[in-house]
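Asker: There's a structure below that I have some questions on.
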């Protein structure tokens with residue numbers, strides 16, 4: 001049955017990816033939530049699977065509101081289940097509904113990477129073509145958003161205003177809408193370009209030439225600078241707790257309120273997250289921490305009285321960074337030592353069966369020389385000394401080799417110098433894609449070749 005214009009049709013699985021979607025990318029979360037609310041009110045979608053919810057309901061809308069708070073949109077199923085007090089199976093059902101209606105599209109699909117764990121899927125907020133048709137929106141092609149809205153007809157104005165009010169209630173805050181009296185009678189954007197179109201800006205008066213000569217003219221349309229909100233002591237504690245959880249690996253599963261209560265003394269004393277990490281290094285970090293919050297409370301006890309001046313805290317930060325540089329040089333030296341030690345010492349296997357397998361592998365894919373790996377190590381070892389142009393060239397080369405199926409630069413950097421150095425050189429997204437490809441090639445169910 002052919003769907004009527006403006007109705008929601010089910011999107012097949014191959015079309016649920018960003019490079020194959022028929023919808024357009026939402027420019028921001030407010031517009032995307034308008035499309036989600038419209039899909040719930042439309043009620044033309046029906047789930048054809050034999051299990052799960054049949055239509056878009058309140059739970060689907062609640063999941064969409066939580067997804068709108070992620071930028072980039074990379075939520076975990078467990079995280080959404082915990083925030084919404086729902087089961088993981090329920091969250092998966094409603095994520096499938098949003099993909100099936102064309103409101104979500106995959107950028108990358110979640111997988112399991114060795115050494116990192118489960119990686120969540122990354123989505124893109126998309127708006128289906130049926131929404132543009134139902135709201136009488138006019139669009140044109142765009143390189144960034146696939147399609148871009150250029151105007152709206154009078155038939156859809158009242159409905160899109162009602163959707164905007166509903167989204168404001170869902171987000172829990174008001175969105176400033178700047179309107180004037182003339183907007184009720186005259187369009188801000190003409191439906192069709194014409195020399196007879198009237199401007200809504202009104203007549204513009206020029207300042208006298210005397211003021212222009214003296215430089216006294218002040219534009220009345222200059223926007224006032226918004227003053228930055230000053231955090232109180234409680235807000236400062238929570239801000240420091242969030243920064244420590246993001247920057248410290250063994251704190252990533254702790255709750256922000258608990259860590260905020262633990263760091264209340266140093267936060268009130270004006271400490272930054274860098275100064276706290278330097279103090280943790282000076283006190284001695286443990287390799288096996290069973291209770292991270294308790295360990296942090298023990299280490300930070302009386303810290304504000306020991307480093308009671310900004311000069312002492314700055315000296316602690318300098319010593320911590322110096323120790324990091326020494327450790328990095330030792331790792332680089334160790335990698336070079338092992339590369340020189342094992343250079344040209346490989347011997348072919350004595351077993352004829354194993355030798356045949358090795359010959360077949362070399363014939364399928366040529367062996368990378370040690371010199372090429374040395375070039376990669378040389379580039380990785382000088383991350384702190386490289387210029388922006390050199391880092392850009394290294395990332396472009398690694399991206400080109402990754403598209404060809406070669407993960408050599410990324411795997412060498414991660415194995416020799418650690419993930420943090422690899423992130424600094426190649427970027428977070430490129431390293432994760434390389435690790436995903438390496439994990440896929442090690443799977444017994446896949447066979448990847450060049």
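Asker: Tell me which residues, restricted to segment 247-268, are within 25 Å of the chain's Cα centre (by Cα), buried (at least 16 other Cβ atoms within 10 Å of the Cβ) and in a loop (DSSP other than H, G, I, E, B).
Answerer: Passing the criteria: 248, 254.
Asker: Pick out, from segment 18-130, the strands (runs of 3 or more DSSP E) lying fully within it that include 2 or more residues that are closer than 26 Å to residue 146 by Cβ. Break it down stepwise before answering.
Answerer: Details: elements: 104-108, 111-113, 117-119, 122-127.
Fully inside segment 18-130 and qualifying: 104-108, 122-127.
This table checks each residue for (1) touching a residue at least 60 places away in the same chain (Cβ under 8 Å); (2) under 31 Å from the mean Cα position of the chain (by Cα); (3) assigned to a helix (DSSP H, G or I).
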| position | (1), (2), (3) |
| --- | --- |
| 270 | no, yes, no |
| 281 | no, yes, yes |
| 285 | no, yes, no |
| 288 | no, yes, no |
| 295 | no, yes, yes |
| 314 | no, no, yes |
| 321 | no, yes, yes |
| 328 | yes, yes, yes |
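Asker: Any residue in segment 102-116 that is over 16 Å from the mean Cα position of the chain (by Cα) and buried (at least 18 other Cβ atoms within 10 Å of the Cβ)?
Answerer: Within segment 102-116, one or more residues are over 16 Å from the mean Cα position of the chain (by Cα) and buried (at least 18 other Cβ atoms within 10 Å of the Cβ).
Asker: If I go through segment 232-246 residue by residue, how many of them are touching a helix residue (DSSP H, G or I) at 6+ places or on another chain (Cβ under 6 Å) and either within 18 Å of residue 278 (Cβ to Cβ) or not in a helix (DSSP H, G or I) (or both)?
Answerer: 5
We did not get these values from a lab; they are worked out from the coordinates using the rules stated. Owing to the predicted nature of the structure, the values given are computational and were not obtained by experimental measurement. Cβ sites come from the backbone with ideal geometry, for glycine too, and all protein chains shown count toward neighbours.
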